[in-house]
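First up is the structure itself, then whatever we jot down about it.
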Amino acid sequence: MLKKVSDFEIDSNKPFANDKLGRELIEVNLTNLIKTLTQPFVLSINSPWGTGKTVFLKMWEAKLRKESFTCLYFNAWENDFSDDPFISFIGEIESHIELGLIGSDSKEKYKVQINKIKKMGGQLLRRTTPLAVKLATLGTISNLDEIADIFTTNADEAVSDLISKIAEDKINEYKQKKKSRKAFKENLEKFVAEIGVKGNQYPVVFFIDELDRCRPNYAVELLESVKHLFSVEGIVFVLAIDRHQIEQSIKSMYGVEMDSDGYLRRFIDLNFNLPNPPKNNYHRFLFEKFEIEKQFIDRGKPYHSDDLLKSFGKLSEVFNLSLRVQEQCMTQINLVIRTTSYTTRFDSVYLTFLVTLKAKEPGLYLSFNERKIDSDQLIKSLASKYDWQKLNEGDFDIENIILAGLESAYLSSSNVNKLINRYDKESQNDKLSTADREKYERISDLMITLREVHELLVRKIEISERFQAQ
């Protein structure tokens, strides 16, 4: 199956059927919390980029709909092309009405109410000419006649009158905006009451996703709109965020000395830290999703699929790969396998190592392939950064496969043969432990297989990077 894993399949009847990260229990607890809320409320789901927030949000949204909640999903990152997040958010509500995703009555009924909201919102968005601009131009932008008065009467008196008039305009504008804001929230509250599912007291849940990927000003303005304009009874907002990234956005807007944590607390009522997923779950899901086992069965080498699964799990753990990076790596492995002919020999473990190494340490990967460092230098560098000994745990010899591939990568056939002979000779040393003897024998055997594989896999990885999912 050649497809993006981000196109996650969610069964509306069993939303968490494909939950590979053990998060259904989290949903149960959060749903129980939301059922008790009546006042305006903002809940944030905090987790680093690439840890499965979007999939969790969409599964949770489907589960809430199944339980008769009214929900709206807004992808902030997909909408930050708009200059004003307020406009894009209202537009998304209208789109949900058009698609029949909210409310149970006729679309026309809801359109009447949403048009009232849009009208009030338009008044809130209106901008009079800024005071500083008027003063800088002596009011010429708003009224050309006023500038003429300055030259035909006492200049000081004319400027004073102009400033008083501008101040009065600003006060009137403030009063009008205050009235418009109140009318907007009243109409929004009525709209929320209408679109809610009849017969229950559940709030309407607005999910806002990918906020941390937006332009800083868009993210901050959307937060401010949520708090100041959309904070009405009957609405609960759920924000999926990487809190650290949001805090950086706030500092880029208001300065590095800004108390970004304190600023966020003004907008978020409760924060929930999404736990890290179990380390051994997600790579199995990816393995099944891309039908890796079937590809090796078709090649007549089913044991290679098991080797790939084990090595990918181990390397993901050692390199501490996020869910999103794991997905990217497995996508690349999938493409390499599918673009390699059945008659071409390659090692699934060594392929997995090269792909994960490139994802986590692109500089080391490049340096090795450009022959700026050798295999010993590469392994020493990795061992200094990561718990490399984990690769030796269990009954599967991942490290020796990697060593065999690296050591034979850029040697000529004659030098590889010399190296093989050396390992064969060392394996006969009576003073070696059984473990070391087995290690040397395994490396010797693998070099025969891997000596022509490295350059092939590097080329295949480069080709796989030229593919782009549409």
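Looking at region 403-417, can you tell me whether even one residue there is touching a residue at least 24 places away in the same chain (Cβ under 8 Å), part of a helix (DSSP H, G or I) and surrounded by fewer than 18 Cβ atoms within 10 Å (Cβ to Cβ)? Yes: one or more hits. Of the residues making up region 407-419, none is closer than 22 Å to residue 325 by Cα and hydroxyl-bearing (Ser, Thr, Tyr). Within the option set 409, 383, being of a type in the set (A, V, I, L, M, F, W, C), farther than 18 Å from residue 318 by Cα, in the same structural domain as residue 315 (by TED's automatic domain parsing) and within 38 Å of the chain's Cα centre (by Cα) holds for one residue only, 409.
Of everything in region 407-458, what is of a type in the set (Val, Ile, Thr) and modelled with pLDDT of 75 or more? Give them in sequence order. Even if it seems obvious, please write down each step before you answer.
Initially, region 407-458 is screened for residues of a type in the set (Val, Ile, Thr), giving 416, 420, 434, 443, 448-449, 453, 458.
420, 434, 453, 458 - these are the residues of region 407-458 that are of a type in the set (Val, Ile, Thr) and modelled with pLDDT of 75 or more.
Candidates are the residues of region 53-78 that are closer than 23 Å to residue 218 by Cα and touching a helix residue (DSSP H, G or I) at 6+ places or on another chain (Cβ under 7 Å); the one that is surrounded by the most Cβ atoms within 10 Å (Cβ to Cβ) is 76. Evaluation of residue 42 against the conditions (1) farther than 15 Å from residue 229 by Cβ; (2) at pLDDT 90 or above; (3) under 27 Å from the mean Cα position of the chain (by Cα) shows that the sole unmet condition is (1). The set of residues in region 360-402 being of a type in the set (Val, Ile, Thr) and either in a helix (DSSP H, G or I) or under 19 Å from residue 443 (Cβ atoms) (or both) consists of 379, 398, 401, 402.
Would you please name the residue that is modelled with the lowest pLDDT, looking only at residues in region 299-309 that are surrounded by fewer than 18 Cβ atoms within 10 Å (Cβ to Cβ) and in a helix (DSSP H, G or I)?
Of the residues in region 299-309, the ones surrounded by fewer than 18 Cβ atoms within 10 Å (Cβ to Cβ) are 299-303, 306.
Of the ones still in play, those that are also in a helix (DSSP H, G or I) are 302-303, 306.
Numbers: 302: 79, 303: 75, 306: 88.
Out of the qualifying residues, it is 303.
Among the residues of region 326-359, those that are part of a loop (DSSP other than H, G, I, E, B) and either outside the structural domain of residue 382 (by TED's automatic domain parsing) or of a type in the set (Ser, Thr, Tyr) (or both) comprise 339, 340, 341, 342, 343, 344.
Among the candidates 97, 87, the residue that is assigned to a helix (DSSP H, G or I), in contact with a Gly (Cβ under 9 Å, 6 or more places away or on another chain) and crowded, with 20+ Cβ neighbours inside 10 Å is uniquely 97.
Here residue 161 does not qualify as among the charged types (D, E, K, R) and either at pLDDT 70 or above or in the same structural domain as residue 86 (by TED's automatic domain parsing) (or both).
For every residue, the table says whether it meets (1) part of a helix (DSSP H, G or I); (2) more than 22 Å from residue 60 (Cα to Cα); (3) of a type in the set (Lys, Arg).
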{"site": "258", "(1), (2), (3)": "no, yes, no"}
{"site": "263", "(1), (2), (3)": "yes, yes, no"}
{"site": "268", "(1), (2), (3)": "no, no, no"}
{"site": "297", "(1), (2), (3)": "yes, yes, no"}
{"site": "316", "(1), (2), (3)": "yes, yes, no"}
{"site": "324", "(1), (2), (3)": "yes, no, yes"}
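Cβ-Cβ distance below 6 Å, separation of 6 or more or different chains: which pairs start in region 293-307 with a residue that is farther than 14 Å from residue 334 by Cα and end on one that is surrounded by 16 or more Cβ atoms within 10 Å (Cβ to Cβ)? Qualifying pairs under 6 Å: 302/296; 307/348; 307/349. From the residues in region 310-348 that are out of contact with any His (no Cβ under 9 Å at 6 or more places or on another chain) and of a type in the set (Gly, Ala, Ser), which one is surrounded by the most Cβ atoms within 10 Å (Cβ to Cβ)? Out of the qualifying residues, it is 311. Confirm whether residue 462 is at pLDDT 80 or above and touching a Leu at 6+ places or on another chain (Cβ under 8 Å). Considered against the rule, which asks whether it is at pLDDT 80 or above and touching a Leu at 6+ places or on another chain (Cβ under 8 Å), residue 462 comes out as no. Looking across region 268-284 at every residue that is closer than 19 Å to residue 349 by Cα and surrounded by 20 or more Cβ atoms within 10 Å (Cβ to Cβ), the one that is modelled with the lowest pLDDT is identified as 282.
The values are calculated or read from the model by the stated rules, or taken from the named source; none is laboratory data. Everything numeric here is computed off the predicted structure, so don't read it as measured data. Neighbour counts are summed over all protein chains in view; Cβ atoms, including those assigned to glycine, are modelled from backbone coordinates with ideal geometry.
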